[in-house]
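A quick write-up on the structure given underneath.
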């Protein structure tokens, strides 16, 4: 989209672009409504003592308070006692700077971000299979030319509506769409075939599809032999997943499994995409791996018009996971425990490699440890609202309350900001320059259209000011008109507030890494409708399609990994007899901090709800609109019932955008995937009661 | 702890893997009489059909530290006093716990001409059997299958897929009589006929004669059928020889308790050879569930783990055949309609010309049995409801037809004229018909103008046709008046 400055008001206008083809949903159209929203924060807020209300404060006062508290905590408990929590909506420049700020300015190993709850399972599975994690290894437009497209746990009709333009193309060309989802979603309604498995059984479904492809002789044995390793063990594993047994486990009829395997295996171009429905499980990495195994056995990745990919969940869900917001990661998608990577990045950052902290812990483990004997005692949050979005949210809320210092940088008073000791008002998207990387691995420009309002600074300016104070200690900070804190010379060099300067450093830091941005410049991004990474050379080509020749693994082959089904971390029982799953609705986004404040979106989706099948409602004596309680071992949510035959009678659904009584994450399970740290948002055991 | 597992079939391989996955300081020895590594018996009919090769039926196996798998080693005796097993090659293996997973053997019926088994007469049970059938089928034109149960039909289907002319001979009046009622059996026979498998029903075999040229099967009605090979599929019998000789309690199978322990607490039995609560299983899923329980107990992970049998679902799925049978669907409804609990309900649907038959029995809102043959879109749901004892849908038709027909969702109006103003046309941008009409009245005429003014069709684009339809309708209903 582009913005038009229509007099005093900024308006959104569509712009033809290969990814969204000019499409915008209501959230995009109304995105400018928040720029001058009455709830917009335009002054730092500060709490004088625990329990006191937040009051307005000057930037000097707020930053002094933050720095003094960080020093006090670190003096007493060491550098790791301060933690940073980022977000998948931050620009590449901010994500990069935040990772550097944590390691260099705070010298803490504790940084992670909300993308851990979004992309981490697909990322881990992609890395171990392909050696690289890029959501789509091909341009999105390839979807429109697929003969068969399998969407697993994805509902783009509500979460990414412009993507459906590509699906319409696909259908117009005679392609088949198959959707795997426990709910008959708006996306599933458009499908030629809908598989409606019990939540938590996608992995077994994938193994059964591979079993069928094997028994029908549909494997691409040449591809398996030439381009992959490790198939034999996968073959032996899926031999144990005969369709009848998986039908019994998942409820997906054998005939549907067969038809799906056939549709994928017997066409020229087939694409398999996963999203959160498959990934947000304590076995999310293995579930994605099962679908990657299927794609590899059919010879899809790297074949023109075919492949495996995952759909990204946040504005910068791809770029935000590449440049060091993750606990175990350095810029360019390097590993923080890789000596060569540490050497390279320490050199770019101008610090001794011994000063670079090691890996921290994944997001939920980090939040779960806050304020405990061994956990951090101070937390800085940028672009996230874990009070609403974290699993087992009441527990997380209690951890945040036990901190010595909670700092939240946001432009609205999110539910997390309400708990903060210091709230720092930051710029919105239309007020800052930078880059984002979309689900295609395509680096895009974000352009500032106006200055932030008085009293508001960009995240980069905040980081620069904090770093300066932490470094110098002197009152080195002087506020100029709207350009924000002025750091000391050295800190200014180390933490520049100018995003283009940050990007230039990001290019150097990422050079030679898997996500290599060395050849990406803002100018090139603007000229070429985005640049696909890896792009190591400013004069050389970018990479719209990965894997065409080989995989970025040591031997150039993609790697199979045998994976087996296991039950959900919490199974249903007599006391909690129903499955509970969560997701999004069309008119709301994430924790709703932004979208719940937009009138048009609030009208379209005013409140949380619990979706349940009419048969289940009947047994519970619940009618449409009745208040119901959904109770798990961890907490409960209360919301009106919405009856729909679109959901399995053994499963209930609630969207996760609302705080308070309707907070879905009061109920969710904090069991996490052992590899990715992804919490099991998509399945736990509950009972439903009429409230 | 030394654990010895006797036989390396699907159950033996599974328990080895389950134990290995639990780590710990255990020495696991697997002794398998068959010369190959563990394979998936369920896939043998696919192997027979020629779609896959032998490596494709291999199962994953426990390998690595602490696991010693020896194939081609037959166990000949158990010395319970010394806690050792003896093998045919003269070895002895000491155990702290012994798991018997000896499986079952194909039954050879007591017919003249079958003792000893002629070359052209082969049971269908093991990978070796499969190899022999394949060898005999090479160059063959006709095959006979004696026994119209699940396995016999799978073998028949596999051979037919190879292009052989196959006849199944079955002594009872209809196929799979333990799982099906006569009507379902008849539909199944028709389905098989369409796939090139003939059936000779209600006629016992009386004798077999085989020579280098072929095999002849004599039937009680005086007919004689000729073929190049005869496959026997006349049931199986648990292999309890070792257990019996060792003095363990044996009935039809080796008697085990809920922990799968035999009458000797240091010896467990799982899979086809075990008899739990009076029942033999003969299926893989229960064998694997049993393997899990034994592993949980032996590994100390869950000393209270107990085997709870799940209801049996018989599933025959091959190209052109889709059959699921479970529970009490074969029996007749009691005259008074009640046994215990509420009245019995019965749902049926039959379309024999298209090979579809469904019969479901329900009591107290729970499925007690079902036969589904042919195209039954709800088969996955039915299997799960039966398996879990979950309540059936209020609209019973959905069990037969795959979807509910209850209060229908508001169908899209045939004409924009019939659409209420409040009807949402564009979901993505929450645009109602009324807003589009208002825009038209304000001067917007084309889809582009309506979209620009209301944002309809600017998201996923799926409602563009609907917006165009409304524009056309408005153009017809309200001719533009030139000013």
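Values in this text are rule-based calculations from the coordinates and carry no lab data. Every value quoted in this text rests on a predicted model; they were computed, and no experiment measured them. Neighbour counts run over all protein chains shown; Cβ positions are idealised from the backbone, glycine included.
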Check your understanding: What is the distance, in nm, between label points placed 7 Å from the Cα along the Cα-to-Cβ direction at residue A:374 and at residue A:36?
Key -> 5.3 nm
Review point. Angle between the Cα long axis of helix B:127-137 and the longest principal axis of chain B, 0 to 90 degrees, nearest 10?
Key: 80 degrees
**Study point:** region A:544-599: C-alpha gyration tensor shape, a/c 1.5 cut-off, then a/b vs b/c
**Key:** oblate
Practice item. Report relative contact order for region B:121-234 in percent, whole number only (criteria: Cα-Cα under 8 Å, sequence separation at least 6). Key: 34 percent
Practice item. May I ask for the angle, rounded to the nearest 10°, between helix B:150-161 and the longest principal axis of chain B, with both axes built from Cα atoms and the value confined to 0 to 90°? Key: 70 degrees
Exercise for review: Kindly list the residues of region A:153-193 that lie in the label zone of residue A:267, defined by a backbone N under 13 Å from the point 7 Å along the Cα-to-C-beta vector.
Suggested key: A:167-179, A:191-193
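Between residue B:249 and residue B:96, 0.36 nm times their residue separation minus their Cα-Cα distance comes to what?
Working: separation 153, 0.36 × 153 = 55.08 nm, distance 1.95 nm.
Result for the pair: 53.1 nm of gain on full extension.
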Practice item. Please give the helix A:459-472 orientation as an angle from the longest Cα principal axis of chain A, in degrees from 0 to 90, rounded to the nearest 10. Key: 50 degrees
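Using DSSP, restrict attention to beta bridges with both residues in region B:121-234 and report what percent are antiparallel, rounded to the nearest 5. Could you put the intermediate results ahead of the total?
Details: 9 of 25 bridges.
Percent antiparallel among DSSP bridges in region B:121-234 is about 35.
Using helices alone, I'd like the mean residue ellipticity at 222 nm for chain A: each DSSP H run of four-plus residues gives -39500 (n - 2.57), total over residue count, nearest 500. Don't skip to the answer; put the middle values down first.
Working: 24 runs with 209 residues, N = 691.
Value at 222 nm, helices only, nearest 500: -8500 deg cm²/dmol.
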Check your understanding: What base-10 log of the normalised intensity I(q)/I(0) is obtained for region B:416-477 from the Debye formula, alpha carbons as equal point scatterers, at q = 0.26 Å⁻¹?
Key -> -1.11
Check your understanding: So what does the Cα-only Debye profile of the protein assembly as shown read at q = 0.08 Å⁻¹, as log10 I(q)/I(0), no solvent term?
Key -> -0.95
**Study point:** Paramagnetic reach from residue B:21 in region B:236-263 [backbone N under 20 Å; point 7 Å along Cα→Cβ]
**Key:** B:259-260
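For residue B:2 and residue B:306, what does the FRET efficiency come to when R0 = 22 Å and r is the distance between their Cβ atoms, rounded to the nearest 0.05? List each step's numbers first, then the result.
Values: r = 24 Å, r/R0 = 1.11.
The formula returns an efficiency of 0.35 here.
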Exercise for review: Using Cα pairs closer than 8 Å and at least 6 residues apart in sequence, work out the relative contact order for region B:211-317, in percent.
Suggested key: 16 percent
Study note, to complete from the structure: Rounded to the nearest 0.05, FRET efficiency between residue A:351 and residue B:452 (Cβ-Cβ, R0 60 Å) equals 0.65
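Using a ≥ b ≥ c from the Cα gyration tensor of region A:578-690 (square roots of the eigenvalues), is it rounded, prolate or oblate, where a/c under 1.5 gives rounded and otherwise the larger of a/b and b/c decides, a/b for prolate? Mind showing how you got there, number by number?
Working: a/c = 1.77, a/b = 1.02, b/c = 1.74.
It comes out oblate by the Cα gyration axes.
222 nm [θ] for chain B, helices only, -39500 (n - 2.57) per DSSP H run of 4+, per residue, to 500? Working shown, then result.
Values: 12 runs with 120 residues, N = 483.
When only DSSP H runs of four or more count, the value is -7500 deg cm²/dmol.
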Revision key, fill the gap. Both in Å, the radius of gyration and Dmax of the C-alpha trace of chain A are 24.3, 73
**Study point:** C-alpha center-to-center spacing [region A:541-618, region B:238-295] in angstrom
**Key:** 43 Å
Exercise for review: Take the alpha carbon atoms of region B:29-49, find their center, do the same for region B:108-154, and report the distance between the two centers in whole angstrom.
Suggested key: 17 Å
Review point. What's the exposure ranking of B:419, B:1, going from fewest to most Cβ atoms within 10 Å?
Key: B:1, B:419
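Roughly what % of DSSP beta bridges within chain A run antiparallel, to the nearest 5? Mind dumping the intermediate values first?
On the way: 34 of 78 bridges.
Here the antiparallel bridges make up roughly 45 percent for chain A.
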Point to revise | FRET E, pair residue B:212, residue B:172, Förster distance 35 Å, beta-carbon r, rounded to 0.05 | key: 0.60
Exercise for review: Averaging sequence separations of C-alpha pairs under 8 Å and six or more residues apart, then dividing by the length of chain A, give the relative contact order as a whole percent.
Suggested key: 19 percent
Point to revise | Segment residue B:468-residue B:401, length gained on full extension (0.36 nm per residue, minus Cα span) | key: 20.6 nm
**Study point:** Cα centroid of region A:163-224 to Cα centroid of region A:299-351, whole Å
**Key:** 28 Å
Point to revise | Separation in nanometres of the label points that stand 7 Å from Cα toward Cβ, at residue A:337 and residue B:36 | key: 4.1 nm
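Out of all DSSP beta bridges in the protein assembly as shown, what portion is antiparallel? Express it as a percent rounded to 5. Mind showing how you got there, number by number?
Numbers: 87 of 167 bridges.
Percentage antiparallel, nearest 5: 50.
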Study note, to complete from the structure: In terms of the alpha carbon gyration tensor, root eigenvalues a ≥ b ≥ c, rounded if a/c is under 1.5 and otherwise prolate when a/b exceeds b/c or oblate, region A:1-147 is oblate
Practice item. Between residue A:527 and residue A:504, with labels modelled 7 Å along Cα→Cβ, what's the label distance in nm to one decimal, could you check? Key: 1.8 nm
